[in-house]
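What follows draws every value from the coordinates through simple rules; no lab data is involved. Because the structure is predicted, anything quoted here is derived from the model rather than measured. For neighbour counting, all protein chains shown are included, and Cβ atoms are generated from backbone atoms with ideal geometry for every residue, glycine included.
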Amino acid sequence: MGGDPRLKEANPDAHRLWQTKLPTKIIFSGWLLHHGRLNSRASLYHHHIRKLEESYCEQCSGTLETDSHIFSQCPTGHLHPELHLPEDVHIDVILLMLWQIWKARNALIFDHKTSSAGDVIRRVINDMDSWSCRYKKTRPQWNCWRDFLCSRL
Ligand SMILES: [Zn+2]
């Protein structure tokens, strides 16, 4: 993100993304989403790359596949974290969720593999376990989020 403090001020969340301890590919997908640059079908439609009738969600006929549809309205991505969860690793876990929702979306479109919301949550928990060694200092917060996800299965 460069060292320009004005950039950080204008976009504190984007700056925070790069402070997480997650792999770059995951951070980068969150960064693209933050800047509205993920190649959702709606975005391809708005850039005149797809036709309107080819820009609907794979699962929800007649609904434009926008970022907000993929990540909060579509049944696969429908997972609203509760407010009492610890702030410290909030962005980290949200990034993992976005990453797995996006991967499930791609698997459906390109490989015709469906995933339930539970499948996505299980993959996020697996990711959390894989990366937990990077979160030793925030282990209690990390586990708090993990428990929350387990409670949604
Ligand atoms: Zn949908």
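Quick notes
- Legend note: in the chain, cysteines whose Cβ sits 4.7 Å or more from every other cysteine Cβ are CYS74, CYS133, CYS144, CYS150.
- Lysines whose Cα lies under 25 Å from that of LYS103, excluding same-chain neighbours fewer than 8 positions away: LYS21, LYS25, LYS51, LYS113
- Dipole magnitude of the stretch 25-151, debye to nearest 20 (Cβ charges: Lys/Arg +1, Asp/Glu -1, about Cα centre): 380
- The chain: angle of helix 117-131 to the longest principal axis, Cα-based, in degrees nearest 10: 40
- Descending semi-axes in Å of the chain, equivalent ellipsoid built from Cα gyration tensor: 27, 21, 12
- Relative contact order %, the stretch 25-151, counting alpha carbon pairs below 8 Å whose residues are six or more apart: 21
- Using R0 = 22 Å, the C-beta based FRET efficiency linking CYS133 and LEU153 works out to 0.40.
- Calculated FRET value between LYS113 and LEU52, using beta carbons and R₀ = 25 Å, to 0.05: 0.45
- Trypsin sites (Lys or Arg not before Pro) within the stretch 57-138: DSSP coil, no more than 11 neighbouring Cβ in 10 Å: LYS113
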